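Below you'll find the structure, written out as structure tokens, and then a few comments.
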Amino acid sequence: MASKQTEPLIRQGDASTLHTANEVLTGTSKKGFFARLLPFMGPAFVASVAYIDPGNFATNIQGGAQFGYMLLWVITASNLMAMLIQTLSAKLGIATGRNLAELCREHFPQWVSVMMWILMELVAMATDLAEFLGAALGFNLLFHIPLFPAALLTAVTTFIILGLERRGFRPLEAVITALVGVIAFCYVIETILDKPEISQVLFHAVVPQFSGVESVLLATGILGATVMPHVIFLHSSLTQNRIPTKNDSELKKLFRFQIFDVTIAMGLAGLVNGAMLIMASSTFHAQGLKEIGSIEEAYRTLTPLLGSAASTVFGISLLASGLSSSAVGTMAGQVIMQGFIHRTIPSWVRRAVTMAPPIIVIALGLDPTRTLVLSQVVLSFGLPFAVIPLVMFTQSKDLMGILVNHKITTIIAGIVAALIVSLNLFLLSQLLFGG
């Protein structure tokens, strides 16, 4: 291992949280299970934001409107993949004390590292484009603020959220987790309002089905967009040196708690995605409105179908999604720069740089939907450079020590990585060449 390590993005934590975690790891805590679990919760909730960002809204709504409950199983499969990949990312940070970007810099030739840095910076900016536009659209739909002032308001709000970094890891994790909770709560309300057929929901959540070529393409879109490259880098950074350990026993115990974190956070994200598709199915598909393809259409159509409360709740969830994912995108960009080239810039500078493209898009009056499609092309290019190194490093005994992947884990992760990369390449070909 290389001895030089960069400082993790969020290093200084709440002393009370660290004290409680230390008691749990050393076996001296007398608290109940959930109280002992609490100090380890947070990193996966921050990472889970990428799975319920504004890009997911449009995909899930389109899937439910066109094919009803049929593609729910795709979300189930996607979520299982997300759990595996994010568990590996969390484990990498715990076992090595370094994040994925730092390890790429140490183990790959310099020209490869520089190329990966440039590509991942573009990925972070492309991701932020979708998230920023989503938050601005949320302000626009909820408060009827024109898109350009809404974009500026989004910038100010994310600046405030990112300012919590200076207070340590816990406040920022708490705010992001609260926003994830808002999104989840909104979809609980939506699910109650739209009264889905529970038997059909349970059936289609586990039974694979298709209905023609279009359903296959849409399923590929949902599945292929499961893993966002930037959040793989970020999650490994959020767990590195977050909770110090003194021996292998504590290290293994820490990892077991992080598995709970990932399972709960990614499970919640999966339920939210499923609720989006269920809402579209039981509302739009049931009414024969199969051409609902945009977030704006969904928002406006909900009012006559379910009442103003439904559209308002939908707008709140979109706003919470855009704000939280936009902040997380900026954090990921900082991790990528810091890890690949050992350079940092103030978060407000990065925020200003990454918010420039969406503000320009809005100011020029460009089609947001078309812009989001183009941003997905960049994401597809970047995905192999995150997933493949992750699987490579986590199966290395020299790097991972006692937390090295089991052979079966590596095989499954390799298959998942190959599937995700293949699907994204397929989607890329569809976007570039039609199909």
Restricting to region 79-89, what's the tally of residues that are crowded, with 24+ Cβ neighbours inside 10 Å and not β-branched (Val, Ile, Thr)?
4
With the condition kept exactly as written, say whether any residue in region 139-160 is touching a residue at least 12 places away in the same chain (Cβ under 8 Å), out of contact with any Asp or Glu (no Cβ under 8 Å at 6 or more places or on another chain) and closer than 26 Å to residue 281 by Cα.
yes
Quick check on region 217-226. Is at least one of its residues outside any helix (DSSP H, G or I), within 27 Å of residue 118 (Cα to Cα) and under 19 Å from the mean Cα position of the chain (by Cα)?
yes
Going by what's in this entry, would residue 116 be described as in contact with a Ser or Thr (Cβ under 8 Å, 6 or more places away or on another chain) and either at positive phi or modelled with pLDDT of 90 or more (or both)?
no
From the option list 199, 211, single residue qualifying as at pLDDT below 85 and of a type in the set (Ser, Thr, Tyr) is 211
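When you go through 80, 100 one by one, which is the residue that is touching a residue at least 24 places away in the same chain (Cβ under 8 Å) and not basic (Lys, Arg)?
Values: 80 fails: touching a residue at least 24 places away in the same chain (Cβ under 8 Å).
Checking each option against the conditions leaves just 100.
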Identify all residues within region 189-204 that are surrounded by 13 or more Cβ atoms within 10 Å (Cβ to Cβ) and of a type in the set (A, V, I, L, M, F, W, C); write none if there are none.
189, 193, 201, 203
Taking region 393-409, which residues are part of a helix (DSSP H, G or I) and buried (at least 17 other Cβ atoms within 10 Å of the Cβ)?
393, 394, 399, 400, 403, 409
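Would a scan of region 163-175 turn up a residue that is over 24 Å from residue 354 (Cβ atoms) and either modelled with pLDDT under 90 or under 18 Å from the mean Cα position of the chain (by Cα) (or both)? Steps first, answer last, please.
Pass one, region 163-175, residues over 24 Å from residue 354 (Cβ atoms): 170.
Checking which are either modelled with pLDDT under 90 or under 18 Å from the mean Cα position of the chain (by Cα) (or both) leaves us with 170.
Looking through region 163-175, at least one residue is over 24 Å from residue 354 (Cβ atoms) and either modelled with pLDDT under 90 or under 18 Å from the mean Cα position of the chain (by Cα) (or both).
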Could you grab me the full set of residues in region 274-294 that are closer than 30 Å to residue 156 by Cα and surrounded by fewer than 24 Cβ atoms within 10 Å (Cβ to Cβ)?
293, 294
Tell me which of these residue 373 doesn't satisfy, since it passes every other one: (1) at pLDDT 80 or above; (2) assigned to a helix (DSSP H, G or I).
(1)
Evaluate region 240-258: report whether one residue or more is in a helix (DSSP H, G or I), without any contact (Cβ under 8 Å) to a residue 40 or more places away in the chain and within 17 Å of residue 88 (Cβ to Cβ).
yes
Within region 399-409, can you find the residues that are over 16 Å from residue 86 (Cβ atoms) and among the β-branched types (Val, Ile, Thr)?
402, 404, 408
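The values are calculated or read from the model by the stated rules, or taken from the named source; none is laboratory data. Because the structure is predicted, anything quoted here is derived from the model rather than measured. Please note: Cβ atoms are built from the backbone with ideal geometry, for glycine as well, and neighbour counts cover all protein chains shown.
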